[in-house]
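Below is one structure; the comments refer to it alone.
What follows is calculated from the coordinates using simple rules that are stated; it is not laboratory data. Quick caveat: nothing in here was measured; it's all calculated off a predicted structure. Every residue, glycine as well, gets a Cβ built from its backbone with ideal geometry; the counts of neighbours run over all protein chains shown.
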Amino acid sequence: MKPTTVIGSIALGLLVMMLGCDNQQNQGETLFRGAATIACDNEVAALIAPQIAAFVAKHDGASVRLDTTTAFDAMRQLLGDSVRAAIVARDYLPIEDSLLRQYAIEPHKRFLIATDAVVFAISDRVPRDTADESVLRRTLAGERSWLSTYRWAIPAAVSSITAHLTTMAGGKLGLSAEYVGTGDSVIAQLEHRRADVGVLLLSQFLRVKDRASLRTLRIVIRDTATGDRIAVAPHAATIVKERYPFRVPIYGYLLEPARNFAYGVIASIAQEPQSQRAMLQAGIVPAYAKLQLVEQE
């Protein structure tokens with residue numbers, strides 16, 4: 001089933017949940033003492049779960065239940081007042097944004113935790129390792145190209161990664177592909193030679209221990225400073241310089257704007273040095289850190 005079909009089929013349920021919200025704040029808690037359930041995008045759970053565990057271990061009286069689920073369900077739970085925060089690797093979907101505006105609901109306060117990237121991993125069956133950005137976008141939209149002749153594996157329709165692909169395709173993903181669970185599932189498809197091109201996050205690709213037979217596509221863009229066409233590899237340095245075009249923000253959304261326990265958890269993950277170092281060690285860009293990065297040749 002295509003992403004637009006899945007999203008549209010549950011939009012009504014999302015609206016009902018939003019209209020039934022009854023936000024409540026827990027009493028007697030602090031920034032570092034209290035209890036909260038936080039929904040987490042399963043595409044970035046491997047990055048976030050250790051940071052949640054470290055926060056709980058550091059602060060007496062802190063209790064956090066991390067609900068690892070799809071990005072769509074994490075945001076659905078937040079909009080439905082089922083969780084106090086959600087960590088998701090995307091902005092609002094158009095349907096979510098429209099509903100907020102239509103019913104005069106204020107956008108959630110959020111923290112940028114880190115910036116990841118959508119990458120296109122290719123097997124040794126694909127001889128070319130460089131693709132023009134415009135060709136890639138048109139391929140995703142369903143146009144015939146040299147890339148469309150290969151077997152593609154894409155995360156499930158409700159994944160944050162597939163939401164980014166849909167945006168890249170101009171709002172409708174038309175590429176013929178096999179939809180699998182997550183970006184980690186995509187890697188399995190590539191490793192078992194069931195796909196030639198797979199889409200996942202940079203942080204997921206960098207966790208693969210044996211990548212000898214896999215590469216990531218370099219993307220040809222036009223340099224805004226010089227006007228020259230350059231090939232850009234997905235890397236923390238090109239993300240920082242905003243050269244790599246398919247950057248992915250990881251946001252911590254808060255149900256309540258108050259400086260309460262949920263606020264303390266999300267702010268700590270976004271800003272504390274330990275969490276920032278973890279994001280950098282994962283190969284992506286922490287939001288609150290001074291960086292000196294060396295771009296790969």
Subject >> Burial ordering of Phe205, Phe111, fewest other beta-carbon atoms within 10 Å first >> reply: Phe111, Phe205
Subject >> Estimated FRET transfer efficiency (Asp60, Arg128; beta-carbon r; R0 51 Å; 0.05) >> reply: 0.35
**OP:** List the relative contact order of the chain as a percent without decimals, with contacts defined as Cα pairs under 8 Å and 6+ residues apart.
**Re:** 26
Original post:
In square nanometres, what is the average projected area of the Cα convex hull of the chain?
Top reply: 16.1
Subject >> Evaluated over the range 175-226, the Cα radius of gyration and Dmax, each in Å >> reply: 13.3, 42
Original post:
For the pair Leu100 and Arg229, how long in nm is the line joining their label points, each one 7 Å along Cα→Cβ?
Top reply: 3.8
**OP:** Please give the FRET efficiency for Asp67 paired with Leu214, using the beta carbon to beta carbon distance and R0 = 45 Å, rounded to the nearest 0.05.
**Re:** 0.90
Original post:
Semi-axes of the equivalent ellipsoid of the range 183-297: what are they in whole Å, largest first, if each equals the square root of 5 times a C-alpha gyration tensor eigenvalue?
Top reply: 29, 21, 13
Original post:
GNM on the chain, C-alpha springs below 10 Å: top fluctuator among Leu100, Leu140, Leu201?
Top reply: Leu100
**OP:** Provide the gained length on full extension for the span Ala141 to Thr30, in nm with one decimal, where the gain is 0.36 nm per separating residue minus the Cα-Cα distance.
**Re:** 35.2 nm
**OP:** For each of Ile52, Ile154, count neighbouring Cβ atoms within 10 Å of the residue's Cβ, then give the residues from fewest to most.
**Re:** Ile52, Ile154
Original post:
Relative to the Cα centre, what is the charge dipole magnitude of the range 116-240, using +1 at the beta carbon of each Lys and Arg, -1 at the beta carbon of each Asp and Glu, and rounding to the nearest 20 debye?
Top reply: 200
**OP:** Be a star and scan the range 55-93 for residues whose amide nitrogen sits under 20 Å from the point 7 Å along the Cα-to-Cβ vector of Glu242.
**Re:** 90-92
Subject >> Dipole-positive endmost among Val199, Val126, Gly227 within the range 116-240 (Cβ charges, Cα centre) >> reply: Val126
Original post:
Cα axis of helix 45-58 to longest principal axis of the chain: angle in degrees, 0 to 90, nearest 10?
Top reply: 30
Original post:
Using a Gaussian network for the chain with springs between C-alpha atoms less than 10 Å apart, which of these wobbles most: Asp196, Asp60, Asp132?
Top reply: Asp60
Original post:
If you bin the C-alpha pair distances of the range 132-240 every 10 Å from 0, what whole percents do you get?
Top reply: 14, 44, 36, 7, 0
Original post:
Could you put Arg247, Arg101 in order, starting from the residue whose Cβ has the fewest other Cβ atoms within 10 Å?
Top reply: Arg101, Arg247
Subject >> Label-point gap, in nm, between Arg259 and Ala188 - each point 7 angstrom along Cα→Cβ >> reply: 4.5
